[in-house]
1. Summing Lys, Arg as +1 and Asp, Glu as -1, what charge do residues with Cβ under 15 Å from the Cβ of PHE21 carry, PHE21 excluded?
2. Please turn the phi angles of the range 6-23 into ³J(HN,Hα) values with the Karplus equation 6.51 cos²θ - 1.76 cosθ + 1.60 (θ = phi - 60°), one per residue in order, whole Hz, x for glycine and proline.
3. Could you tell me, in Å, what Rg and Dmax come out for the Cα atoms of the range 1-76?
4. Under a 5 Å amide H to amide H cut-off, with H placed in plane at 1.01 Å, what residues pair with MET64 once short-range neighbours are removed?
Amino acid sequence: MAVRCVVPNIQSEAAQGSREFYGLLGFEEVMNHGWIMTLASPSSPAAQISIMTSDKTAPVTPDMSVEVDDVDAAYAVMREKGCAGQAPTGLGFPRDFSGTFR
């Protein structure tokens with residue numbers, strides 16, 4: 001299992017203002033689902049930040065997103081260590097013991 005990308009998620013009710021602010025640093029919108037918007041650097045696409053209002057389907061608003069090449073393997077490791085949250089769907093909510101990744 002390899003990590004492809006780690007993206008901080010910022011909770012904000014002012015998503016447009018956040019988009020404009022990070023745009024000053026060169027970030028461009030690459031995804032927008034209304035409740036979550038991801039900005040990326042055109043010169044380094046793995047450099048990303050997501051702005052979230054809230055996810056009505058999720059138990060928490062995560063602090064970060066981690067993309068892995070094999071979500072099933074990642075979930076198995078999380079389950080084995082007692083950190084697994086919901087079943088893997090490509091999106092999951094493991095519980096890290098520091099409270100940062102929930």
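Bear in mind these aren't lab numbers, they're just calculated from the coordinates by the rules spelled out. Because the structure is predicted, anything quoted here is derived from the model rather than measured. Quick reminder, even Gly has a Cβ in these numbers, built from the backbone with ideal geometry, and neighbours come from all protein chains shown.
1. For residues surrounding PHE21, the net value is -3.
2. 10, 10, x, 10, 9, 7, 8, 8, 10, 4, 4, x, 5, 4, 5, 4, 5, x
3. Calculated on Cα positions, Rg and Dmax stand at 13.2, 40 Å.
4. Under 5 Å from the amide H of MET64 lie the amide H atoms of ASN9, ARG102, each far enough along the sequence or on another chain.
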